[in-house]
Structures are given as C-alpha cells and as structure tokens.
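The values are calculated or read from the model by the stated rules, or taken from the named source; none is laboratory data. Everything numeric in this text was worked out from a predicted model, so none of it was measured. For neighbour counting, all protein chains shown are included, and Cβ atoms are generated from backbone atoms with ideal geometry for every residue, glycine included. Just so you know, the surface numbers come from the protein's heavy atoms only, side chains and all, with ligands and any DNA or RNA stripped out. Shrake-Rupley method; radii C 1.70, N 1.55, O 1.52, S 1.80 Å.
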Amino acid sequence: QVQLVESGGGLVQAGGSLRLSCAASGRTFSSYVMGWFRQAPGKEREFVAAISWSSGRTYYADSVKGRFTISRDNAKNTVYLQMNSLKPEDTAIYYCAARRGGVSVTANEYDYWGQGTQVTVSS
C-alpha cells in the first residue's frame with residue numbers, strides 16, 4: 001500500500017523559508033514522478049513542482065521558479081520542497097503526489113496523494 005506523508009508546514013512571515021518533506025513508502029518509486037501541488041481556499045489545486053525519481057529532472061510552475069527547489073533523497077525515499085522568499089499568495093495546503101510515467105502538471109493524472117500540510121505566509 002502506497003503511503004505519502006507530508007510534514008514541515010507552518011506559519012512564516014513573508015520573505016521567510018520553509019522546507020516540506022514527503023516520505024514515500026509501499027513500493028519502489030524509481031519509475032515514478034513525484035509532484036507537489038497546492039490548494040488555497042476557494043481555488044483549484046495547482047501544480048507547484050515535480051521531480052523524476054530516476055533522472056532527478058525537475059519542473060516548476062512559473063509562479064515559484066527561482067524561489068522553490070524540489071529534490072529527493074533516494075536512501076530515505078523522501079522528496080523535499082525548499083521554499084524561499086515566501087509570499088502571502090503562497091498560503092495553501094501543500095500536497096505530495098506520485099504518478100508512474102512522465103511528468104504531468106494535472107492533478108487528476110497523479111495516482112497517489114498525501115494528506116497535505118498547511119503553509120501560511122503572513123504579510
């Protein structure tokens with residue numbers, strides 16, 4: 001059974017940083033793409049970043065490019081999202097997701113989801 005468990009959310013002031021973690025278990029993820037999505041109140045879930053577990057290639061939404069960095073630790077089966085220069089508009093629940101195959105920015109193309117972690121950025 002696949003499990004994705006996020007952690008690391010919290011309250012931070014604008015300009016600050018947070019690092020989210022997603023611990024993955026239940027299968028071998030070498031052929032998977034891991035993604036981070038976020039959902040603010042009243043808004044659709046949106047793509048933030050993704051990483052190919054095998055190649056390490058990364059992909060970012062334009063809104064976070066240059067501020068967020070996605071990475072993985074193969075030994076720990078964990079994916080990270082380092083978020084710097086946070087803005088109030090980054091406030092959302094952040095979800096980790098996994099899909100087999102290529103990168104997608106579409107939420108419903110991901111097969112597995114974590115429970116989410118709240119990130120709140122105050123102005």
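Does ARG27 satisfy the condition of being under 18 Å from VAL119 (Cα atoms) and either touching a Pro at 6+ places or on another chain (Cβ under 6 Å) or open to solvent by 10 Å² or more (accessible area, probe 1.4 Å) (or both)? No.
Only residues that are surrounded by 14 or more Cβ atoms within 10 Å (Cβ to Cβ) and polar (S, T, N, Q) were counted in the stretch 101-116, giving 1. Entry remark, the stretch 81-108: residues being free of Cβ contacts under 8 Å to residues at least 60 places away in the same chain, of a type outside the set (Val, Ile, Thr) and in contact with a strand residue (DSSP E or B) (Cβ under 6 Å, 6 or more places away or on another chain) number 2 in total. Kindly establish whether ARG38 is open to solvent by 70 Å² or more (accessible area, probe 1.4 Å), under 13 Å from the mean Cα position of the chain (by Cα) and in contact (Cβ under 8 Å) with a residue 24 or more places away in the chain. The answer is no for ARG38.
Could you tell me whether the stretch 3-16 includes any residue that is closer than 18 Å to TYR95 by Cβ, open to solvent by less than 30 Å² (accessible area, probe 1.4 Å) and among the acidic types (Asp, Glu)? The answer is yes, given that some residue of the stretch 3-16 is closer than 18 Å to TYR95 by Cβ, open to solvent by less than 30 Å² (accessible area, probe 1.4 Å) and among the acidic types (Asp, Glu). If you go through the stretch 36-62 and keep only what is among the small types (Gly, Ala, Ser) and over 17 Å from THR120 (Cα atoms), you end up with ALA49, ALA50, SER52, SER54, SER55, GLY56, ALA61.
Determine whether THR78 is closer than 16 Å to TYR94 by Cα, crowded, with 16+ Cβ neighbours inside 10 Å, polar (S, T, N, Q) and free of Cβ contacts under 8 Å to residues at least 24 places away in the same chain. So THR78 fails the test. In summary, strands (runs of 3 or more DSSP E) completely within the stretch 1-107 and bearing 2 or more residues that are β-branched (Val, Ile, Thr) and at pLDDT 95 or above occur at 46-52, 68-73, 78-83.
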